[in-house]
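Accompanying notes for the structure given below.
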Amino acid sequence: MKELDKEVLDLMEQQRYQQYRENLLKRNRAYARPDWQKQMTKLPTAQEKAFLDWVKANKVPFNHADKYPDYDMRGYYLSTLTNPQAAKAGINPATQSLHYPDTYKTPYHESFSAESKWATKGAPTWKDNKLVAPSGEVVFEDKPEK
């Protein structure tokens, strides 16, 4: 593949990703605190280095340069330092994949729920493996990965 073709494909993928995240934010904005972006966890330089080392050592699926973060992994990281028992990641029984608590999901996340620290009253709640809006509409369903 030519270098230019790869650049065009990369740009198209970035645009699709951006549109996907913006659509999620549009859907979830009604259930999110208006100040959620300002409340994302920021770390001092020394702690940021320790965080990035933790991400690498634990093979955490996290892109520190993502402009549309669906998870406040820095907030989760701090919670593991202060309350390791409450901040445990686990295996999602529906997908058999690694799952972190909903507490730090942002409105860019496909399964943003009432359990997020940025959710407002009336945000979608989990009913078994389905995320249900107050209207009764299923907005997300955890399904086994194929």
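Only a single item in (1) loosely packed, with under 13 Cβ neighbours inside 10 Å; (2) in a loop (DSSP other than H, G, I, E, B) is not met by L81, and it is number (2). Within the set E110, E115, the sole residue that is under 11 Å from the mean Cα position of the chain (by Cα), acidic (D, E) and either under 16 Å from L25 (Cβ atoms) or in a loop (DSSP other than H, G, I, E, B) (or both) turns out to be E110. Specify which of the listed residues (L43, L52) is touching a Leu at 6+ places or on another chain (Cβ under 9 Å), modelled with pLDDT of 95 or more and farther than 22 Å from Y17 by Cα. It is L43. Being surrounded by 12 or more Cβ atoms within 10 Å (Cβ to Cβ) and outside any helix (DSSP H, G or I) is the requirement here; does P69 meet it? It is true that P69 is surrounded by 12 or more Cβ atoms within 10 Å (Cβ to Cβ) and outside any helix (DSSP H, G or I). The set of residues from the range 123-135 being loosely packed, with under 13 Cβ neighbours inside 10 Å and either of a type in the set (D, E, K, R) or modelled with pLDDT of 95 or more (or both) comprises K127, D128.
Residues in the range 84-98 that are under 24 Å from L24 (Cα atoms) and in a loop (DSSP other than H, G, I, E, B) were compared, and the one that is modelled with the highest pLDDT is A89. The sole residue among L81, L131 that is more than 24 Å from T45 (Cβ to Cβ) and without any contact (Cβ under 8 Å) to a residue 60 or more places away in the chain is L131. Consider the range 8-55 and keep the residues that are in contact (Cβ under 8 Å) with a residue 12 or more places away in the chain and not in a helix (DSSP H, G or I). The one that is surrounded by the most Cβ atoms within 10 Å (Cβ to Cβ) is A32.
Quick test for you: out of F62, F51, pick the one residue that is more than 27 Å from A133 (Cα to Cα) and either under 14 Å from the mean Cα position of the chain (by Cα) or among the charged types (D, E, K, R) (or both).
Numbers: F51 fails: either under 14 Å from the mean Cα position of the chain (by Cα) or among the charged types (D, E, K, R) (or both).
Result: F62 is the single residue among F62, F51 that is more than 27 Å from A133 (Cα to Cα) and either under 14 Å from the mean Cα position of the chain (by Cα) or among the charged types (D, E, K, R) (or both).
The values are calculated or read from the model by the stated rules, or taken from the named source; none is laboratory data. Predicted model, so just to flag it, every value in this text is computed and none were measured. Please note: Cβ atoms are built from the backbone with ideal geometry, for glycine as well, and neighbour counts cover all protein chains shown.
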